[in-house]
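What follows draws every value from the coordinates through simple rules; no lab data is involved. Treat the numbers as computed from the prediction; the structure is a model and nothing was measured. Cβ sites come from the backbone with ideal geometry, for glycine too, and all protein chains shown count toward neighbours.
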Amino acid sequence: AVNRIVHPENTTVRVGNVSIGEGYFTVIAGPCSVESTEQILEIAKSVQLSGATIMRGGVFKPRTSPYAFQGLQEEGLKMLLAAKKATGLPIITEIMNQTQIPLLEEVDIIQIGARNMQNFDLLKEVGKCRKPILLKRGLANTIEELLMSAEYIMSEGNEQVILCERGIRTFETMTRNTLDLSAIPLLKQKSHLPVIVDPSHAAGIRSLVAPLAKAAMAVGADGLMIEAHNDPSRALCDGAQSLDLKQFEELMVDLKRRALFE
Ligand code: PEP
Ligand code: MN
């Protein structure tokens, strides 16, 4: 069960040599979408040098418009796996439906996106998998609903769930979403699961990513998921919120300095 009263010890999720939870601060980075082998390799190598320990890259993309770039699908997955092989970094990618589960055999963490947070059949299916699941908070879902969705996964036997606050819809229009900073300590008080923050989708604006990342660290998040791109102005998806590789490196230097200061 997700509830801390029933299960007081913190859960640590392990992927290869990487731990999420247990006092570690784990940074996942990479592009919104895999676009080419060269693109994902360049980004993977660079974010790894900067200190990211898990690489992200979308291949099945949940786009608002059916005419927008939908991701490179299975071809993209091959590119992502090639980058995993080249760097040794564990990888995370989003699943859109249960038919994709067998394709994700070599993927280390399966991401349930905000739009699928209450796709209960999908939650039950990934609950039968024996690999970690990153569960993102829905665009208009409460903390209690997020915890109940985690419960769906865990009730099928998969206890390796990471929660992700990625901003919610509010009346504010200057940001893509509103990062709910209270959710981080609340989720950690109510559950034993690791909690990470995605400041990129919360902000929608590159210049807010670093300040929100530092805020997430300050309120006790177990890590971050950040969109980084080798050429954000040409990104096929979410370029406006993507850090370039130098900006990502600078953010990591800043975060490490803060972590040491504690
Ligand atoms: C993503 O992480 O690529 C994504 C689509 O995010 P979200 O589901 O939070 O909108
Ligand atoms: Mn994105």
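Here are some notes:
- Cα-based convex hull, the stretch 157-262, per residue volume (Å³, whole number): 127 Å³
- Debye equation applied to the C-alpha atoms of the chain, log10 I(q)/I(0) at 0.12, 0.15, 0.17 Å⁻¹: -0.64, -1.06, -1.43
- Ranked by how many other Cβ atoms sit within 10 Å of their own Cβ, fewest first, the residues F261, F69 fall in the order F261, F69.
- Rough spin-label spacing in nm, given labels placed 7 Å along Cα→Cβ, for R258 and A82: 3.6 nm
- Least to most buried among E151, E38, E156 (fewest other Cβ within 10 Å first): E38, E156, E151
- When you filter the trypsin sites (Lys or Arg not before Pro) in the stretch 110-172 for DSSP loop state and at most 14 other Cβ atoms inside 10 Å of their Cβ, you are left with K128, R130, R169.
- Computed about the Cα centre, the dipole magnitude for the chain is approximately 180 debye when only Lys and Arg (+1) and Asp and Glu (-1) carry charge, each at its Cβ.
- The length gained on full extension between D231 and Y24, counted as 0.36 nm times the residue separation minus their Cα-Cα distance, comes to 71.5 nm.
- Farthest positive-ward along the stretch 54-176 dipole, Cα basis, beta-carbon charges - from G76, G167, F120: G76
- Förster radius 35 Å - calculated FRET efficiency between T173 and E144 (Cβ-Cβ, nearest 0.05): 0.85
- Taking the chain and dividing mean pair separation by its residue count, relative contact order in percent (alpha carbons under 8 Å, at least six apart): 21 percent
- Percent antiparallel among DSSP beta bridges (both partners in the chain, rounded to 5): 15 percent
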